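J.: Please read through the structure below; I'll follow up with questions.
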Amino acid sequence: MAPLPTADLTTLHRADGSATYTHLSHTIIGSVNGPIEVQRRDELPSSATLEVNIRPAGGVGTPRERHLETLVHDTLRSVVLVEKIPRTLVQVTLQVRSLPEEESGGADSSTTASSLTLLPHLLHTSLLALLSASIPLRTTLTSTVVAIPRDGQGMLVSPTANELLRRRPMRSIHVFAFDGEGKLLLNESEGEFGVEEWDEACEMAEEVCCKGDGGVGLGEGMDVDGEGQAQSLEAWLRGVVGRKVEVEQRWRVAT
Amino acid sequence: MPREAEISVNERAFILQALQEDIRLDGRAFDAFRPLELSFGDEYGVADVQFGKTRVIARISVDVTAPLPERKFDGIFQIVTEFSPMASPAFEVGRPTDAEVILARILEKTIRRSNALDTESLCIIAGLKCFALRADVHIIDHDGGLIDASCVAVMAALQHFRRPDVIVEGEKATILSIREREPIPLSILHQPLCVTFSYFEEGEIFLVDANLAEEQVRQGEVIISMNKHGEICQVAKYGGATIDALALLNCTNVALQKVKEFSKTIQKRLEEDAKKRDAGGLMAELSAENAR
Amino acid sequence: MSVSLTIVLPGDEIPSSALPKPQNQKKALTLGPGLRHIPPGTITTTIAGALVTDNKKNAAWIEYNSGRYLPSTNDLIIATVNTSSGEAFNCFITPNTPLATLPHLAFEGATKKTRPQLPPNALVYARVANPGRDSIPELTCVDASGKGDGLGPLKGGMVFKISLGMARRLLAGRKKGEVVVLEGLSEKVGFEVAIGRNGYLWVDGGNVKTTLAVGRAVQEVDEQALGEKGQRKVVERVLKSL
């Protein structure tokens, strides 16, 4: 299985919340400003306005970024408790810092497999930045990519850019995102696939995102940095937040 | 309407009073920069520059297009600066602020018009094909000194970048990907860098590398761009307040010393990065193969 | 307060076993920042942080130290005047948020004739009268009996940015917040301070050096999350340098 992402919270000074996230050679810097004053024309009477800006590593935003922005925006709307901070603006900016060599390929950019492979990284970064900004959230989210090769054999979960390149073209690519309770938040699929294949892909993604969850209750003395980590993304998220809280509360135990 | 918060009257008075007493808020000397931190990414042509809390990332990318009809023998080089709300909620996408326009202009004059990059070397087939180089400047964190940091970032990224090799057979050009053949460094003619001076008290006090609070209080700024040989590429003075002509001369002397320091740091980091990439001598082996 | 931390993520359900056990059964449970009640009986978190409970007050809340300041009634804050309209000053509580109103007459002893004249970007130490969730936020510089009690315009001095958690610690006082740095410094040098919950510390030490030394000492304690011993060391070093 692919290694877990690495993330640092509150890496920027100016923004209200921020996160630097690295996974499979993708590095994204995310920042959140909010809740701040919203422009009259964007104001919503009973909920907060979300604004998502995705900035590619090189060049200005293209329709590809606009499309990803819409997907991230719509997913975050069901994660942020927008009704708790009405008539305000929460501004999410995601700056792609580096891409795998295979995707940034310069002159031969034909290798860019699909814009979907970037989506889970964008979702994770924006969630971490929202956590860092202490924006009220309904739940958390975890997300992953499943790719089905042409021969339909051996689905690739959270594949590296190199794996995608070697086995291209893919017959279909699916992105899944789940909330903290393991409910499906987002699914984007492209390519050709059957219902059974989709079912299987969804199950595999669920496994990666929320496996070993549910048992983690408050009463059971959660060990966030324990050795026997259930390697799900959910557990990983808890670890990242645990480190953040520990740093913040250092003074309680400091001498 | 998002707007930049102005500095309070108390802070303004305090900063000016402190400067009168030779004190800067962070304890630096008047002619001291914050420590320069420079790192490179895994890819070629990405430079991450930090001056204290200010952070700028420059990224070079390349494409192949037709050259401009009036400049058949030149490649294309473009520097793009676009602020995002990441650095401040007051920065709106698609609506450049004054600071953004000034930054873009200074980088243009310093790097592009001084011919820091040999654009002729980017030409593949005269009048038909050339490389179009693009430098994207991303402002990640803003605590003053954006111009100086951006300039260091772009120059470092240019020196770090490798463009793909190309084979020309008559009218046909084949671009070889990075995996096929060792890519080639750009031809850099000289290395201009910017030093911004902020002046106070009718030009009685000059500061280098002002942070955001100091920038908000200053009367005006003088931006000097030069290379390590002391050749000035550009001088700009913004702000209406007058300054003594001799003070400018003094600024150029300080600027030269700073530019030399930065050049040295960039060189050092580039060498460290090259060593890291060359682990195991794999690159040397590959380039030997290329030579054959 | 126990040292062991229960770390929570947004959406975590707080089981009844983790809620405070009140000595007085009649007292209603109070939910502080970061918790919400979903009827009938579910309590979940909305932010990431550490769960803290207080049995005496029968209260539970989430401790966190990042993000933007959100005004809450009776918080003491340092506001920046933006403009003055007919009857009130319009002030920033934090940058880029809607302006809060501070009536001209909400100062100690202010009448139509003696009301304070504050220029744009002047600083005021004020109390949040209405956090303005559904309207315009309101500030005041007097309590119910018309006393200022230290609130009002801040003249001179300098403001320093501190974290929201540090501001809370400073305001909580010595016992709870375990901050001794200001007390230690005040044994040797004289200065005035005002602590704003919105993450600002105003210091006036009479001269540049003292003001800067006090402000930077607090910032250092904040950034390095120093305990009592660490703070004493900072105090010693700062006093020596003055």
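No value in this document is a laboratory result; all are computed from the given coordinates. Just so we're clear, the structure is a prediction, and the values are computed from it rather than from any experiment. Don't worry about glycine lacking a Cβ; one is built from the backbone with ideal geometry, like all the others, and counts go over all protein chains shown.
J.: Whole-Hz Karplus ³J(HN,Hα) for segment B:33-43, in order, using 6.51 cos²θ - 1.76 cosθ + 1.60 and θ = phi - 60°, x for Gly and Pro?
T.: Listing the rounded values in order: 7, 5, x, 7, 10, 9, 9, 10, x, 5, 7 Hz.
J.: Still on this structure, I have one more. Past the 32 angstrom mark, what percentage of all C-alpha to C-alpha distances in segment B:18-282 do you count?
T.: 27
J.: Taking amide hydrogens as modeled 1.01 Å from N in the peptide plane, which residues meet the under 5 Å criterion relative to residue B:205, leaving out close sequence neighbours?
T.: Close amide H contacts, sequence-distant or interchain: B:200.
J.: Then there's this: For segment C:142-234, which GluC sites (Glu not before Pro) are both in a DSSP coil and crowded by at most 13 other Cβ atoms within 10 Å?
T.: Qualifying residues, ordered by number: C:187.
J.: Send over the Kirkwood Rh of segment C:159-215, from the inverse of the averaged 1/r over different Cα pairs, rounded to one decimal Å.
T.: One over the average 1/r among Cα pairs gives 11.5 Å for segment C:159-215.
J.: Which loop-located trypsin sites (Lys or Arg not before Pro) does segment C:178-214 contain, where loop means any DSSP state but H, G, I, E or B and the Cβ has at most 16 other Cβ atoms within 10 Å?
T.: Answer by residue number: C:188.
J.: Rounded to the nearest 500 deg cm²/dmol, what is the calculated helix-only ellipticity per residue at 222 nm for chain A, with -39500 (n - 2.57) per DSSP H run of length n ≥ 4? Intermediate results must be reported in sequence, preceding the final value.
T.: Values: 7 runs with 75 residues, N = 255.
Mean residue ellipticity, 222 nm, calculated: -9000 deg cm²/dmol.
J.: Where does segment C:76-155 land on Rg/Rh, using Cα atoms and the Kirkwood Rh?
T.: Here Rg/Rh amounts to 0.93.
J.: For chain A, just run the numbers: alpha carbon Rg, then divide by 2.2 N^0.38 Å, N being how many residues it has.
T.: After normalising by residue count via 2.2 N^0.38 Å, the value is 1.03.
J.: If the cut-off is a Cα-Cα distance under 25 Å, which lysines reach residue A:211, setting aside same-chain residues fewer than 8 apart in sequence?
T.: A:183, A:244
J.: Now for a separate question. Would you mind computing Rg(Cα) / (2.2 N^0.38 Å) for segment B:1-158, counting N as its residues?
T.: In units of the 2.2 N^0.38 Å rule of thumb, it is 1.26.
J.: Continuing with this model, one more query. Roughly how many whole Å is it from the C-alpha centroid of segment C:18-39 to that of segment A:1-20?
T.: After rounding, the separation between the Cα centres reads 33 Å.
J.: So for chain B, taking the charge dipole from beta-carbon charges (+1 Lys/Arg, -1 Asp/Glu), which of B:152, B:173, B:96 sits furthest toward the positive end?
T.: Value: B:173.
J.: For the protein assembly as shown, what is the Kirkwood estimate of the hydrodynamic radius, computed as the reciprocal of the mean inverse distance between distinct Cα atoms, to one decimal in Å?
T.: Result for the protein assembly as shown stands at 28.9 Å.
J.: Still on this model: Using the Cα centre as the reference, give the magnitude of the dipole from point charges on the C-beta atoms of segment B:48-175 (Lys, Arg: +1; Asp, Glu: -1; all else neutral), rounded to the nearest 20 debye.
T.: Dipole size: approximately 140 debye.
J.: Another question about this same structure. Can you give the alpha-carbon Rg of chain C over 2.2 N^0.38 Å, where N counts its residues?
T.: Taking the Cα Rg and dividing by 2.2 N^0.38 Å, one obtains 1.13.
J.: Still on this model: Can you list residues whose amide H is under 5 Å from residue A:171's amide H, if they're 5+ apart or on another chain and H is modeled 1.01 Å from N?
T.: A:148, A:150
J.: Further question on the same structure: Enumerate the amide H contacts of residue A:80 below 5 Å, restricted to partners 5 or more residues apart or on another chain; note that Pro and chain-start residues carry no placed amide H.
T.: Here the answer is A:138, since their amide H atoms fall under 5 Å of that of residue A:80.
J.: Would you tally the net charge around residue B:259, using a Cβ to Cβ cut-off of less than 14 Å, leaving residue B:259 out, and scoring K and R as +1, D and E as -1? It would help to have the intermediate numbers written out before the result.
T.: Numbers: positive: B:228, B:258, B:260, B:264; negative: B:31, B:148, B:209, B:231, B:261.
Cβ neighbours under 14 Å give a net charge of -1.
J.: With unit charges on the beta carbons (Lys and Arg positive, Asp and Glu negative) and the dipole taken about the Cα centre of chain A, which residue among A:92, A:73, A:118 sits farthest to the positive side?
T.: The Cα lying farthest towards the positive end belongs to A:92.
J.: Short version: ³J(HN,Hα) in whole Hz for each residue of segment B:168-179, in order, from phi by Karplus 6.51 cos²θ - 1.76 cosθ + 1.60 (θ = phi - 60°), x for Gly and Pro, what are they?
T.: Karplus-based 3J(HN,Hα) across segment B:168-179 equals 10, 10, x, 8, 10, 10, 10, 8, 9, 6, 4, 6 Hz.
J.: Would you work out if segment C:3-63 is rounded, prolate or oblate? Take a ≥ b ≥ c from the square roots of the eigenvalues of the alpha-carbon gyration tensor; rounded if a/c is under 1.5, else prolate when a/b is larger than b/c, oblate otherwise.
T.: Verdict is oblate for segment C:3-63.
J.: Could you point to the residue in B:50, B:9, B:67 farthest towards the positive end of segment B:1-69's charge dipole, with +1 and -1 charges on the Cβ of Lys/Arg and Asp/Glu respectively?
T.: Farthest along the dipole direction, towards plus: B:9.
J.: Please compute the net charge surrounding residue B:220, taking Lys and Arg as +1 and Asp and Glu as -1 over other residues with Cβ under 12 Å from its Cβ.
T.: Cβ neighbours under 12 Å give a net charge of -2.
J.: Quick one: net charge around residue C:101, please, counting Lys, Arg +1 and Asp, Glu -1 for every other residue with C-beta under 9 Å from its C-beta.
T.: Numbers: positive: none; negative: C:87, C:138.
For residues surrounding residue C:101, the net value is -2.
J.: Using a 10 Å cut-off around each Cβ, can you sort C:19, C:29 from fewest to most neighbouring Cβ atoms?
T.: With the fewest neighbours first, C:19, C:29 line up as C:29, C:19.
J.: If you place +1 on the Cβ of every Lys and Arg, -1 on the Cβ of every Asp and Glu, and leave all else neutral, what size is the dipole of segment A:6-243 about its Cα centre, to the nearest 20 Debye?
T.: 880
J.: Please identify the trypsin sites (Lys or Arg not before Pro) of segment B:1-86 that satisfy two criteria: DSSP loop assignment and at most 15 other Cβ atoms within 10 Å. Which are they?
T.: Here the sparse-neighbourhood loop sites are B:3, B:71, B:72.
J.: Taking the Cα centre of the protein assembly as shown as origin and charging only Cβ (+1 Lys, Arg; -1 Asp, Glu), how large is the dipole, in debye to the nearest 20?
T.: So the dipole magnitude of the protein assembly as shown works out to roughly 2160 debye.
J.: Moving to a separate point now. Treating cross-link reach as a plain straight distance, find the lysines whose alpha-carbon is under 22 Å from the alpha-carbon of residue C:27, omitting any fewer than eight places away in the same chain.
T.: Excluding near neighbours in sequence, the set is C:56, C:57.
J.: Check cross-link reach from residue C:147 to the lysines: straight Cα distance under 22 Å, and skip same-chain residues fewer than eight apart.
T.: C:112, C:113, C:155
J.: Could you tell me whether segment B:128-227 comes out rounded, prolate or oblate from its Cα gyration tensor? Rule is a ≥ b ≥ c as square roots of the eigenvalues, rounded for a/c under 1.5, then prolate if a/b exceeds b/c, otherwise oblate.
T.: Prolate shape, in that a/c is at least 1.5 and a/b is the bigger ratio.
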